[in-house]
1. Find all pairs meeting these conditions: Cβ atoms under 6 angstrom apart; at least six residues apart or on different chains; first residue within region 496-510 and part of a loop (DSSP other than H, G, I, E, B); second residue among the basic types (Lys, Arg).
2. Helices (runs of 4 or more DSSP H) wholly in region 132-208 with at least 1 residues that are touching a residue at least 40 places away in the same chain (Cβ under 8 Å) and within 22 Å of the chain's Cα centre (by Cα) - which ones?
3. Counting only residues that are closer than 18 Å to Met64 by Cα and surrounded by fewer than 24 Cβ atoms within 10 Å (Cβ to Cβ), how many does region 1-27 have?
4. Considering only residues that are among the aliphatic types (A, V, I, L, M) and either out of contact with any helix residue (DSSP H, G or I) (no Cβ under 6 Å at 6 or more places or on another chain) or closer than 19 Å to Leu308 by Cα (or both), look in region 450-472 and name the one that is surrounded by the fewest Cβ atoms within 10 Å (Cβ to Cβ).
5. Test Phe217 against the stated conditions and say whether it is assigned to a helix (DSSP H, G or I), of a type outside the set (Gly, Ala, Ser) and crowded, with 18+ Cβ neighbours inside 10 Å.
6. I'm checking my understanding of the structure. Among residues of region 89-112 that are part of a strand (DSSP E or B) and acidic (Asp, Glu), which one is farthest from Ile156 (Cα to Cα)?
7. If a residue must be of a type in the set (A, V, I, L, M, F, W, C), within 18 Å of Gly280 (Cβ to Cβ) and more than 26 Å from the chain's Cα centre (by Cα), how many such residues does region 100-124 contain?
8. Can you tell me which residue among Ile385, Ile371 is in contact with a Ser or Thr (Cβ under 7 Å, 6 or more places away or on another chain) and surrounded by 16 or more Cβ atoms within 10 Å (Cβ to Cβ)?
Amino acid sequence: MLRHVGREHPLVVVFAGMGSAICLRQGDAYGCGFCLLMMVLLLSRDRAAHALGGLALGALAALMAPGWSSVADGDHHISGRVQESFHSRGTFHMVVEDVRLDHLRVRGRGLVSVYEHPPRILPGDTVTCIVRVKTPRGFGNEAEFDYKGHLLSQGIVLSGSVRDGRTIAVSGSAGRQGFRQDLIASLDRRARPESELFKAMFMGERSGITDSLRDRFCSLGIVHLIAISGLHIGTVMMAGYVLAFGLFRLLPVVSLRLDTPLVARFAGIAAAVGYTAFVGPAMPTLRACIMALSCGVGLMFIRKPDVLDELALAGIVICTLWPGSLHSASFLLSFSAVLGIVCVMARTASSPPWFRFIAVCVAAGVFTLPIVVYLFGFTSLRGFIANAVVVPFFSLVVMPLSLAGMAAFPLWSGLSDFSFSLCMDALHLIVQACEVFGSIQPVRQPWIIWVYLCYTGLIIAFWARNSRWRTWVLALIVSALVGLPLVRSHLIGVGPLRFDFISVGQGDCSLVTRGRHAVLIDAGPEYAGFDAGRQVVVPHLLRRGVDALDLMVITHWHPDHCGGAPFILERFRVGEVWLNSVQEKNPHFQEVIRITKEKSIPVSFVCLGDSSRYGPLTAEVLNPRVRLDSCGGRLDQNLQSIVLKLGDGDVKGLFMGDADLFGELILVHLCRDIEARVLKVAHHGGAKSCLVPFLDTVRPELAIISCGLGNRYGDPSEEALARLRKHGAVVYRTDLHGEVAIAFPGGERYVKFGRRTADIQ
């Protein structure tokens with residue numbers, strides 16, 4: 001079906017074979033199957049050698065790629081040269097190459113985080129310090145973000161931290177400031193957030209980009225503008241080409257003696273390489289530069305250049321150098337966007353320029369949409385229109401102004417200030433557009449097979465020749481693309497009662513679902529740049545097919561329970577919010593009240609006797625005993641936690657918040673039925689939880705303790721665990737088991753957890 005493409009573009013066959021081998025090596029069955037399917041469709045007798053060569057090259061690259069360092073966690077002596085340094089979420093990080101660990105060479109790069117007093121470190125400096133090495137370990141939730149794999153895709157094989165940056169010995173930066181640092185210092189004196197956007201968009205300095213600012217760009221579908229990407233490198237290459245071509249055309253004596261177009265292309269390539277060196281060797285920037293250079297080299301040395309072959313060449317080079325890039329979001333988005341542009345340009349060669357321009361903008365959005373939905377779970381319905389307007393404005397106005405200002409900075413301050421002022425005004429317009437027109441919607445994460453079917457259908461639709469087979473295959477693919485979401489929606493609608501105890505570290509978060517009805521109890525912690533709502537809970541909800549909540553309960557106002565609530569309330573449709581008390585001085589309370597007022601979400605301060613029904617789910621409040629919506633003075637937040645009995649007609653779960661000791665004794669003497677098959681243990685399994693009278697009354701079959709691995713409180717306590725064992729309850733812990741999911745199909749109990757190697761206690 002695609003054999004003619006394989007015959008005309010041999011590098012595409014090589015890249016498909018290479019992708020198959022890399023996915024197989026990395027254990028990605030679906031990715032391997034997709035790449036093999038593409039290779040088979042492209043394969044012809046003339047291209048068998050290319051396919052075998054691609055398979056061999058991919059296998060060799062995957063085998064030769066550095067793996068995660070096997071060094072034991074703990075304190076180690078590390079030295080090396082800093083490749084890049086940056087701030088992220090309030091923490092200073094540096095990527096170190098030529099690493100020596102305890103004076104032994106490490107194959108790969110290291111990532112070192114500095115929590116306090118970071119020293120002045122520039123790329124090229126040599127650092128020596130004692131680093132507390134720690135292997136990245138996820139929370140243990142099903143299909144969560146693979147941070148370790150993300151680091152490996154960037155060639156990082158070692159990670160650790162330094163508490164006090166003053167213990168780091170730095171050599172090489174004494175008296176050295178540099179053009180880039182001078183420019184950053186000048187921009188720091190300008191108005192924010194425009195100056196921070198400028199540094200991120202054009203200099204790769206993202207330390208000032210806050211989550212709220214990034215969310216604004218996400219709401220308009222243009223967040224890709226913040227990071228250095230192929231758009232930036234391509235614009236710089238084009239600017240270098242146009243300037244060189246125009247300069248030589250103004251000098252007839254020179255242009256008559258030189259091949260002006262060829263020299264201008266060399267100038268464009270030199271501009272792209274120079275710009276990449278200026279912004280720093282971050283992995284996304286290097287990948288974007290390679291993609292741009294492959295196109296530039298093709299234009300220079302190939303008589304009839306073909307963008308599809310050049311794109312395949314870029315993929316081959318990138319995957320040879322960094323095989324893990326094949327699974328990185330930045331590579332997938334860049335590659336799919338360029339593929340969409342190539343497809344449309346090939347089909348609209350004879351169309352008017354205005355139509356091709358619109359088609360290219362739409363194609364880039366369509367080809368990246370399946371990846372965006374699957375990886376990020378949110379999409380902007382106005383993203384297609386915004387990209388068609390903002391991206392040209394950015395490329396033709398904002399980017400040239402920024403380049404002019406940076407070029408004039410060391411030569412003519414007046415021109416530089418004028419260019420920067422115009423650029424800041426243009427960036428302000430983009431920020432205002434995000435605030436006025438931005439809109440973002442949560443989308444249930446589709447099955448991965450749906451994503452691969454999307455790309456199979458797009459490739460066949462654009463590149464396969466017209467035939468009866470093509471028509472039938474496309475019809476089947478379209479039917480599957482429509483049918484699979486409907487099947488998933490039906491399965492969600494008839495789903496049994498399920499309790500998800502999400503692993504969020506030292507904090508609490510529980511999701512209870514029955515069919516399409518969902519109740520979220522607490523939202524995990526928020527501290528030092530970590531927001532469980534943003535980074536853990538929301539991705540988990542979308543993976544579970546939950547895009548709206550009937551009820552959100554914040555049991556009390558300690559940050560390990562309520563920290564992630566604001567982000568969830570901003571992103572999701574929430575029918576109702578239950579709170580335990582008024583806490584005017586608590587910043588999380590203030591933020592929750594602000595969001596609920598803006599979105600007109602009903603808020604209730606609940607107490608004993610309150611209850612509500614959501615389809616087959618019934619929620620009954622057992623604590624606090626009195627309503628605390630107008631209380632004064634200090635409250636014992638643990639004792640006044642909302643205690644909830646929640647379930648359907650057959651199975652109940654008891655969610656204790658942090659109401660241990662007296663909270664448990666109060667429930668025992670309520671003269672109410674508090675028996676439950678599932679118990680969310682109070683206060684992370686502390687020593688004052690799970691009292692014998694309480695367990696005798698509740699009689700739980702399963703007890704779940706939500707706590708962080710190696711937490712400083714020593715939770716769960718041995719006393720509480722001993723009482724649970726003596727009672728006969730089966731205990732699961734999020735620090736050991738990760739996410740704990742308990743379902744009751746047909747009344748039978750089914751339990752699974754994220755870390756399959758954990759021992760059940």
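1. Pairs that qualify, where the first residue is part of a loop (DSSP other than H, G, I, E, B) and the partner is among the basic types (Lys, Arg), are Leu497/Arg514.
2. Working: elements: 147-153, 178-187, 194-203.
Fully inside region 132-208 and qualifying: 147-153, 194-203.
3. Here is the first cut: in region 1-27, the residues closer than 18 Å to Met64 by Cα are 15, 17-27.
Checking which are surrounded by fewer than 24 Cβ atoms within 10 Å (Cβ to Cβ) leaves us with 23-27.
So the count comes out to 5.
4. Ala461
5. Working: assigned to a helix (DSSP H, G or I): yes; of a type outside the set (Gly, Ala, Ser): yes; crowded, with 18+ Cβ neighbours inside 10 Å: yes.
Answer is yes for this residue.
6. From region 89-112, those part of a strand (DSSP E or B) are 91-101, 104-105, 109-112; that's our starting set.
If we keep only those that are acidic (Asp, Glu) too, we end up with 97-98.
Details: Glu97: 9, Asp98: 12 Å.
Checked region 89-112; the qualifying residue farthest from Ile156 (Cα to Cα) is Asp98.
7. 2
8. Working: Ile385 fails: in contact with a Ser or Thr (Cβ under 7 Å, 6 or more places away or on another chain).
When all the criteria are applied, what remains is Ile371.
The values are calculated or read from the model by the stated rules, or taken from the named source; none is laboratory data. Worth saying up front: this structure is predicted, and the values here are computed from it rather than measured. Neighbour counts run over all protein chains shown; Cβ positions are idealised from the backbone, glycine included.
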